[in-house]
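A.B. asks: Sharing a structure below in structure tokens format, with a few things to ask.
The values are calculated or read from the model by the stated rules, or taken from the named source; none is laboratory data. Just so we're clear, the structure is a prediction, and the values are computed from it rather than from any experiment. Glycine also receives a Cβ, built like all others from the backbone with ideal geometry; neighbour counts cover every protein chain displayed. Calculation scope for accessible area: heavy atoms of the full protein, side chains included, ligands and nucleic acids excluded. Shrake-Rupley method; radii C 1.70, N 1.55, O 1.52, S 1.80 Å.
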Amino acid sequence: MSGKLKGAEIFIECLKKEGVKHLFGIPGGAIIDLHDAIYKQKDIEFILTRHEQGAVHMADGYARSTGQVGVSLVTSGPGATNAVTGIATAYMDSIPLVVFTGQVPTHLIGNDAFQEVDIVGITRSCTKHNFLVKDVKDLAYTIKKAFYIARTGRPGPVLVDIPKDVQTASCEFEYPDAIHLRSYNPTYHGNPKQIKKVAKVIEQAERPLLYIGGGVITSNAHKEVLELAERLQIPAFTTLMGIGAFPADHPLSLGMAGMHGTYKANMAIQYCDLLISIGARFDDRITGKVSEFAPNAQVVHIDIDPTSISKNIKVDYPIVGDAKLVLKELLSILKDNNKIHQNRKKWLDLIKKWDSEHPLSYEDSDKVIKPQYVIQLLNKLTKELDPIVSTEVGQHQMWVAQFYNFNKPRRFLTSGGLGTMGFGFPAGIGASFANPDKQVFVIAGDGSFQMNLQELAVLATYKLQTKVIILNNSYLGMVRQWQQLFYGRRYANTNIEVQPDFVKLSESYGIIAKRVEDKKDVEQALTELINYNGPYVLDIKIEREENVYPMVPGGAPLSEMILT
Amino acid sequence: MKRIFSVIVENEAGVLSRIANLFSARGYNIESLNVAPINELNLSRMTIVTEGDENILEQIGKQLNKLIDTIKVIEYSDDVPYVEREMALIKMHTDSSTRAEILRIVDIFRGKIVDVSQNSYTIEVTGSSEKINAILNLLEPLGIKEIARTGKVAMSRESKQ
Ligand SMILES: Cc1ncc(C[n+]2csc(CCOP(=O)(O)OP(=O)(O)O)c2C)c(N)n1
Ligand SMILES: [Mg+2]
């Protein structure tokens, strides 16, 4: 016996070297050897989920809330295909994941063997990169590459497919300390000449505006963004993914822009003369009608991914690089003098005027529970706790984005790019594993919650501080809103009144749960949920036909907002 | 606009499908695609002829670069003078009435007859795609049986100074 290890043991050693503490997934024939190796060690905890989609979203929530790589392990065939939605969700939001899939033995690959799918082929367009490991000698280096690719540059999910015979074969184990790929070298430092030019343009702009995307969170550049905004008195809006990258309570904050953005943010985009985009990608949910987007502005675009630049709109000053490094360099040469501040007053006053004309608002009621009221109240009651808030997808997601004030990054977890119903609950659980001392609130729609509620079993097992608040309108509300506004109120297939009793359902898992139907009980119920030490599900029956406003209809310019 | 890209890639399993997938997933056209290993350790060179407006071509270049297996992307344009060649094999029906004419055409185009049978010639011809189109036009009425074209390969010209 020399220093040879089996593939399964190598797998464990590599994960330890990468500092992995939690693995999410479900076992199966093609990864039973890996599970046997997991059983024999204590450093890595395996979290047994009830569906592979839940597992990948948990790894994703783990990653979003910490910035570390989330890791999932699923079996071949159906295990792998179940994971695909989770992988695509992470891909669209640039979240670092490594997903391991079991595969049939190498000699059976291509034979339509039992539980064989070509998962590398299936996930080619929704992973940053993927690998099939054909030889145990390549296993350690491939895992090293997978983690490296997942977390560097523009992060993303990487899939590693490990055939069963590779898990059982043996070889010497050696884990490389450093890695160099001749074909992969992200650009981190921006072009200094271009940064100088941009500094000039920023100093000269009369109505500059910061456009803050999720890349600011990824690159940990929120402090630099704030410094830039404050020193030059530049107002800032965020995208959905950028929420938390700029403090919502800050006087220069305009909130979120786009389809359900604030009036002031969307108007500021249409009137600014310089738009400084950092770590964002001009998604159609932000731009509205592209040809009428920011018609008066020159555009600066700082992004680590060259393909994001000038993809949807023409950029005047592109800078490819890491947001934090580029901003540091920019801040070191920017001059901020009183003249700039004086000029800014007019611009900030105009924004103030827009804000006072059409602030974010809703018509409250004593008869029914308004969802916005619930979120505002939760915001008030939990401010001091600095919690993590995870959402599903739909109207409730937008109400959280609008009415919960996030002042720090990595506190708001939401599926932005793919808009995956069923993301929020497992992602919240994943965040709880990564942040055991923090409260995690999952704001769920009744429809979305039903897409992954099997993960209540994980909550029940681990008694996490994950608190689920269902904003229950018994509708696929966001789609119903479109039907109401644009399809003559024909509510085709959006009424979901037939649904489980979420309270009894939770209780059947041994989880405390309660229902609220009366506005006067909301505060008491929220307080109880917040103070409860352990998982809790609160089903709040809200006004069924409440809409999210403002709203820019799909394809319309940002200036054409429906306000109420 | 037509554009030729040369892409130097790691000669890894699946790299061709990553590139093909990129084009189909993003709705780009591939007019021709040619791949073969090159001298250096474990590298392949692909030549892709594609079409699109300036924006799309710019995106294609960037997207090709973004693939983890891509080492280098060369984009040929007026600023980057280049030579391009394509090879075709053309199998012709022949009989006593056409043989002489076929040979004459092949000669003009500096092609070669690489295989002969009772009633067929197989012709090899190399040149720009236009040249190959031209010979095909002339041969067409004489009875083409089968055509195989490689698609373009390209390389930048060295500066003459
Ligand atoms: C997996 C998936 N299927 C379908 C959709 C389309 N979709 C977007 S929002 C929505 C309704 C969500 O309903 P619910 O979770 O109850 O949230 P609400 O809008 O009522 O707050 C649907 C069906 C989606 N985003 N994801
Ligand atoms: Mg609903």
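A.B. asks: Please find, within segment A:399-420, the residue that is farthest from ligand 1 (Cβ to nearest atom) out of those that are within 10 Å of the chain's Cα centre (by Cα) and open to solvent by less than 10 Å² (accessible area, probe 1.4 Å).
C.D. replies: A:413
A.B. asks: I'm trying to understand the selection: among the residues of segment A:92-124, which are of a type in the set (Ser, Thr, Tyr), closer than 15 Å to residue A:159 by Cβ and either open to solvent by 40 Å² or more (accessible area, probe 1.4 Å) or more than 14 Å from chain B (Cβ to nearest Cβ) (or both)?
C.D. replies: If the condition is that a residue be of a type in the set (Ser, Thr, Tyr), closer than 15 Å to residue A:159 by Cβ and either open to solvent by 40 Å² or more (accessible area, probe 1.4 Å) or more than 14 Å from chain B (Cβ to nearest Cβ) (or both), then A:101 is the only one that fits.
A.B. asks: Would you check if there is a residue in segment A:493-514 being assigned to a strand (DSSP E or B), open to solvent by 50 Å² or more (accessible area, probe 1.4 Å) and within 16 Å of ligand 2 (Cβ to nearest atom)?
C.D. replies: Yes, that holds for at least one residue.
A.B. asks: What pairs come up if the first residue lies in segment B:106-121 and is of a type outside the set (Ser, Thr, Tyr), the second is assigned to a loop (DSSP other than H, G, I, E, B) and open to solvent by 50 Å² or more (accessible area, probe 1.4 Å), and their beta carbons are under 8 Å apart, counting only those six or more places apart or on different chains?
C.D. replies: That search, which allows pairs on different chains as well, returns B:119/B:95.
A.B. asks: Sort out which residues of segment A:1-57 are open to solvent by less than 20 Å² (accessible area, probe 1.4 Å) and β-branched (Val, Ile, Thr), and write them in order of number.
C.D. replies: A:10, A:12, A:20, A:31, A:38, A:44, A:47, A:49, A:56
A.B. asks: Checking the conditions here, which among A:324, A:335 is open to solvent by 40 Å² or more (accessible area, probe 1.4 Å) and assigned to a loop (DSSP other than H, G, I, E, B)?
C.D. replies: Selected residue: A:335, the only one of A:324, A:335 that is open to solvent by 40 Å² or more (accessible area, probe 1.4 Å) and assigned to a loop (DSSP other than H, G, I, E, B).
Residues are listed down the side, and each one gets a yes or a no for (1) within 22 Å of residue A:155 (Cβ to Cβ); (2) within 14 Å of chain A (Cβ to nearest Cβ); (3) open to solvent by 50 Å² or more (accessible area, probe 1.4 Å):
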position	(1), (2), (3)
B:4	no, no, no
B:29	no, no, yes
B:41	no, yes, yes
B:48	no, no, no
B:58	no, yes, yes
B:64	yes, yes, no
B:81	no, no, yes
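A.B. asks: I've got another one for you. Take segment A:18-54 and flag every residue that is under 16 Å from residue A:162 (Cβ atoms) and in a helix (DSSP H, G or I).
C.D. replies: A:29, A:30, A:31, A:32, A:33, A:34, A:35, A:36, A:37, A:38, A:52
A.B. asks: Sticking with this one: Kindly provide the set of residues from segment A:421-446 that are open to solvent by 10 Å² or more (accessible area, probe 1.4 Å) and either within 16 Å of ligand 2 (Cβ to nearest atom) or under 20 Å from residue A:542 (Cα atoms) (or both), ordered by number.
C.D. replies: Hit for segment A:421-446 is A:421, nothing else.
A.B. asks: Count, please, the residues in segment A:154-209 that happen to be open to solvent by less than 10 Å² (accessible area, probe 1.4 Å) and polar (S, T, N, Q).
C.D. replies: 1
A.B. asks: Has segment A:283-297 got any residue that is more than 14 Å from chain B (Cβ to nearest Cβ), under 29 Å from residue A:395 (Cα atoms), open to solvent by less than 20 Å² (accessible area, probe 1.4 Å) and touching a strand residue (DSSP E or B) at 6+ places or on another chain (Cβ under 7 Å)?
C.D. replies: Yes, segment A:283-297 contains a residue that is more than 14 Å from chain B (Cβ to nearest Cβ), under 29 Å from residue A:395 (Cα atoms), open to solvent by less than 20 Å² (accessible area, probe 1.4 Å) and touching a strand residue (DSSP E or B) at 6+ places or on another chain (Cβ under 7 Å).
A.B. asks: Testing residue A:477 on (1) of a type outside the set (Ser, Thr, Tyr); (2) in contact with a helix residue (DSSP H, G or I) (Cβ under 6 Å, 6 or more places away or on another chain); (3) within 16 Å of ligand 2 (Cβ to nearest atom); (4) closer than 30 Å to residue A:435 by Cα, one condition comes back false. Which one is that?
C.D. replies: The failed condition is (4).
A.B. asks: Give me the residue from segment A:350-398 that is part of a loop (DSSP other than H, G, I, E, B) and within 16 Å of ligand 2 (Cβ to nearest atom) and, out of that set, most open to solvent (accessible area, probe 1.4 Å).
C.D. replies: Out of the qualifying residues, it is A:368.
A.B. asks: Further question: Exactly one of (1) closer than 28 Å to residue A:383 by Cα; (2) more than 16 Å from ligand 2 (Cβ to nearest atom) is unmet by residue A:488. Its number?
C.D. replies: Failed condition: (1).
A.B. asks: Pull out all pairs, ordered by first then second residue, where Cβ-Cβ is under 6 Å, the residues are six or more apart or on different chains, the first lies in segment A:109-122 and is touching a residue at least 60 places away in the same chain (Cβ under 8 Å) and over 17 Å from residue B:13 (Cα atoms), and the second is among the small types (Gly, Ala, Ser) and in a loop (DSSP other than H, G, I, E, B).
C.D. replies: A:115/A:76; A:115/A:77
A.B. asks: Got at least one residue in segment A:126-137 being surrounded by 24 or more Cβ atoms within 10 Å (Cβ to Cβ), of a type in the set (S, T, N, Q), in contact (Cβ under 8 Å) with a residue 40 or more places away in the chain and within 14 Å of chain B (Cβ to nearest Cβ)?
C.D. replies: Looking for residues that are surrounded by 24 or more Cβ atoms within 10 Å (Cβ to Cβ), of a type in the set (S, T, N, Q), in contact (Cβ under 8 Å) with a residue 40 or more places away in the chain and within 14 Å of chain B (Cβ to nearest Cβ), one finds at least one in segment A:126-137, hence yes.
A.B. asks: If residue A:318 satisfies every condition in (1) modelled with pLDDT of 95 or more; (2) more than 18 Å from residue A:205 (Cβ to Cβ); (3) within 14 Å of another protein chain (Cβ to nearest Cβ) but one, which is the exception?
C.D. replies: (2) is the only condition that residue A:318 fails.
A.B. asks: Across segment A:447-469, which residue is farthest from ligand 1 (Cβ to nearest atom) among those that are open to solvent by 20 Å² or more (accessible area, probe 1.4 Å) and closer than 20 Å to residue A:498 by Cβ?
C.D. replies: Applying the filter and picking the extreme gives A:454.
A.B. asks: Determine if segment A:80-89 includes at least one residue that is in a loop (DSSP other than H, G, I, E, B) and open to solvent by less than 60 Å² (accessible area, probe 1.4 Å).
C.D. replies: No, every residue in segment A:80-89 fails to be in a loop (DSSP other than H, G, I, E, B) and open to solvent by less than 60 Å² (accessible area, probe 1.4 Å).
A.B. asks: In segment A:451-474, how many residues are within 16 Å of ligand 2 (Cβ to nearest atom) and either under 17 Å from residue A:441 (Cβ atoms) or not aliphatic (A, V, I, L, M) (or both)?
C.D. replies: Of the residues in segment A:451-474, 9 are within 16 Å of ligand 2 (Cβ to nearest atom) and either under 17 Å from residue A:441 (Cβ atoms) or not aliphatic (A, V, I, L, M) (or both).
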